[in-house]
Amino acid sequence: MAICCLFYLVWWCVFFWPHSDGSKFPAVLNLIGVCSIVAAVIVGLLAAVTLGGVISSTKGHIQAAWIVFGAVCLYVALLLVTSGILKRPATTELLLFVAWLALELCVINVLTGDLIQETQAWLCKAMLIGVVIGFAVCLVCYQLYYQLAGQASFIDGCIPLLAIGLIEAAFALMA
């Protein structure tokens, strides 16, 4: 997932970099941007499929279906609040943030299940704290994005990608 975030960040930088004079990047950078988002989708799907086995695992304390159901409810609630009440245009990022949260909660659930003898409790707690903080950062940035302009909105768009990428890299190093 960290590699997915890196490719997504490259795409973001190519296509959303604030241009003070309104100029566009050369064609080669546009190609890099397009290749980056395609790579992000492929790597993200591969990671989700690889980790998707976690969802069908019976080793967690909570049935994964409940985590997925909770994620769907959370997405609908956040969509209603952000787009309905707060008038923020709905974008795919909200769905991606909630899907990432659900996937990581499923992983943590399995780690705290039957594998508890092999997984130190501090690791699961650290992962849970990281996921909650990462999700909160993503939500704040998601809500603020359209209220900001220029470089501030660009940086705001980078923060969730950096946060999730760093969290995922840390998880990989801890495992």
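Values in this text are rule-based calculations from the coordinates and carry no lab data. As the structure is a computational prediction, the values presented were derived from the model and not from experiment. Cβ coordinates were reconstructed from backbone atoms using ideal geometry, including for glycine residues, and neighbour counts include every protein chain displayed.
Odds and ends about this structure:
- Estimated vicinal HN-Hα couplings, Hz - region 64-74 in sequence order (Karplus 6.51, -1.76, 1.60; Gly, Pro = x): 4, 4, 5, 5, 5, 4, x, 5, 5, 4, 4
- Sequence-ordered 3J(HN,Hα) estimates for region 5-13 from the Karplus curve with 6.51, -1.76 and 1.60 and θ = phi - 60° stand at 4, 5, 4, 4, 5, 4, 4, 4, 5 Hz, glycine and proline given as x.
- GNM remark for the chain: springs join alpha carbons under 10 Å apart, and the peak mean-square fluctuation among Pro26, Pro18, Pro89 falls on Pro26.
- Multiplying the residue separation of Ile62 and Ile155 by 0.36 nm and subtracting their alpha-carbon distance yields 29.8 nm.
- Taking the C-alpha atoms only, the angle from helix 121-144 to the longest principal axis of the chain is near 30 degrees.
- GNM flexibility winner over the chain from Ser36, Ser153, Ser83 (Cα, springs under 10 Å): Ser83
- Top of Val110, Val72, Val28 by mean-square fluctuation, Gaussian network on the chain, Cα under 10 Å: Val28
- Shape call, region 72-175: gyration tensor on alpha carbons, a/c limit 1.5: oblate
- Dipole magnitude for the chain: computed about the Cα centre from +1 point charges on Lys and Arg Cβ and -1 point charges on Asp and Glu Cβ, it is near 240 debye.
- Put a dot 7 Å past the Cα of Thr92, heading toward its Cβ, do the same for Phe16, and the two dots end up 1.3 nm apart.
- As computed over region 2-174, the Cα convex hull volume per residue (Å³): 110
- Helix-derived mean residue ellipticity, 222 nm - over the chain, DSSP H n ≥ 4, -39500 (n - 2.57), to 500: -26000 deg cm²/dmol
- Label-point separation, Gln143 to Val41 (7 Å along Cα→Cβ), nm: 3.1
- Computed over the chain, relative contact order equals 30 percent, with contacts defined as Cα pairs under 8 Å that lie 6+ residues apart.
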